[in-house]
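Just so you know, all these numbers are worked out from the coordinates, no wet-lab data involved. Fair warning: this is a prediction, and the values are worked out from it, not measured in the lab. Glycine also receives a Cβ, built like all others from the backbone with ideal geometry; neighbour counts cover every protein chain displayed.
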Amino acid sequence: MRMEILGMSIEVSQQGRGDPVVLLHCSGSSGAQWRSLAAKLGKRYHVAAPDLLGYGGSSSWTASRAQFCLAQEAAIVRSLIGRLGRPAHLVGHSYGGAVALHIARTRPDLLKSLTLVEPSAFHLLRGGDAIDAAALREIMNVAAEVDVALACGDAVGGFGRFVDYWSGPGSWAGMTAEKRAACAPQLAKVALEFHALFTEPAELEDVRGIALPTLILQGGCTKLPSRCVVSRLRGALPEADFKIVQGAGHMLPVTHRDEVNRHVAAHIDGNAIQTRRSTWKPCNPQEQANATQSA
């Protein structure tokens, strides 16, 4: 289903009835990433899985790189939740997790629970210890390789290095030629996302105020930047439920789908009938104009 949200055309897969659940995918993917989880939850919830900007059937970002930030992407998701009419259970993986964290921090009244699957909130590594600093340098080097590939017109090679970083050497080569050809044009959005993550002004202290029921999921074999982000979040949100999916890397919702789905469904079900006081008010068109000031 295509929706016009804040001047952008957004493709949103929806199914089921009941309390809303919104699923945000990772970089280089689409709402289809959550097909299995959506089918599982759709039996008792109204599940909405949007394609984030530049992916699937959604519009691409056409303004300048300097104008793009997490607040821009989050404003669209907030408006989607507003249209659903009541607080939602929000689930985000990787870049989608960083967007979800931004929404939980800025508009907690829109949410009933929060699930973060290795959120790529790399901005939280600023001001950390020596290991956090090393992790930040590591992921910034990955972003630099993406920028160089774009500048050289090597989207295929650049996306391949991005995939192999997260999923292991040979992962890109193991994909079909058709899949590689479909992914490569998305490298420009990946670069935009790195820009948004590194320039996000929120600090760790800004996250400590999140009082939502929260689940944090991590792959047992994931990369250092993701481990450090999760560790920082656990320190800031000590009451959050934390699960490790053994043997999994960063792409755990895909490689360890059933286990991840069980954890997410259990968290949502466990917080489906909670009476957290809400100051719900739906988002309005001014959100887009104010997006860059909402961090």
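State the Kirkwood hydrodynamic radius of the chain in Å, one decimal place, computed from all pairs of distinct Cα atoms.
So the Kirkwood estimate lands at 19.0 Å.
To make sure I understand the rule: partners must be lysines, Cα under 18 Å from the Cα of LYS223, and not fewer than 8 residues away in the same chain. Which ones qualify?
Correct list for LYS223: LYS243.
Give me the extension gain from ALA181 to SER60: residue separation times 0.36 nm, minus the current Cα-Cα distance, reported in nm with one decimal.
Full-extension gain reported as 41.8 nm.
Quick one: which residues, 5 or more positions from LYS112 or on another chain, have an amide H under 5 Å from its amide H? H modelled 1.01 Å from N in the peptide plane, none for Pro or chain starts.
Correct list: ALA88, HIS89, LEU90.
Classify the range 56-163 as rounded, prolate or oblate, taking a ≥ b ≥ c as the square roots of the eigenvalues of its Cα gyration tensor: rounded when a/c is under 1.5, otherwise prolate if a/b is larger than b/c and oblate if not.
oblate
Mind checking which helices in the chain clear 27 Å along their axis (Cα) and have mean Kyte-Doolittle hydropathy of 0.0 or more, DSSP H runs only?
Once both thresholds are applied, what remains is 130-151.
Can you find, among GLY28, LEU80, SER59, the residue sitting farthest towards the positive end of the charge dipole of the range 1-101, where Lys and Arg contribute +1 and Asp and Glu -1 at Cβ?
LEU80
Amide H neighbours of TYR45 under 5 Å, counting only residues 5+ apart in sequence or on other chains, H built in-plane at 1.01 Å?
ARG17
What dipole magnitude, in Debye to the nearest 20, does the chain give about its Cα centre under +1 on Lys/Arg Cβ and -1 on Asp/Glu Cβ?
860 debye
Can you pull the percent of Cα pairs in the range 123-268 with separation above 28 Å?
Beyond 28 Å sits 26 percent of the P(r) for the range 123-268.
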